[in-house]
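For reference, the structure discussed in these notes is given below.
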């Protein structure tokens, strides 16, 4: 039995814009306030990390991105196993943006549902900004 595994939840959205356009937006920490304002009201560089500010205060993050693979991981600098994993894929003449969050196995269902509703709104914002 794998009791230490987290629960993963993934959302995906089709975007009528080239993968490069979507990648450029979602991989730029200074753009986070435009499409994920609950996560980052602001973002500033701090060496190899970024400092984001939101309603909970400040947090240090790492953004690992690969244009060649279309991946953008937004991770806690203090706990790199905690964060969001995303990928921009070609989809016909446009793109598909996939976004995965992991939750502790004992996370309350209502908290997971609420957080994924936020993710859905963020994906819609990415689409609106890219199209």
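Derivation of every value follows stated rules applied to the coordinates shown; laboratory data play no part. Since the structure is predicted, the reported quantities are computational estimates derived from the model, not experimental observations. Note that we place each Cβ from the backbone using ideal geometry, even for glycine, and neighbour counts take in every protein chain shown.
Miscellaneous remarks
- Kirkwood-based Rg to Rh ratio, the chain, C-alpha trace: 0.96
- Segment 62-80 and segment 34-55: distance between their alpha carbon centers, rounded to Å: 14 Å
- Normalised by the number of residues in the chain, the mean separation of alpha-carbon contacts (under 8 Å, six or more apart) gives a relative contact order of 33 percent.
- Amide N of segment 84-114 lying under 20 Å from the label point, which is placed 7 angstrom from the Cα of residue 5 along Cα→Cβ: 84-86, 99-109, 112-113
- Förster radius 25 Å - calculated FRET efficiency between residue 60 and residue 106, Cβ distance, rounded to 0.05: 0.45
- Residue-averaged [θ]222 nm for the chain, counting only DSSP H segments that reach four residues, each worth -39500 (n - 2.57): -8000 deg cm²/dmol
- Extension gain, residue 115 back to residue 34 (0.36 nm per residue minus Cα-Cα distance, nm): 27.4 nm
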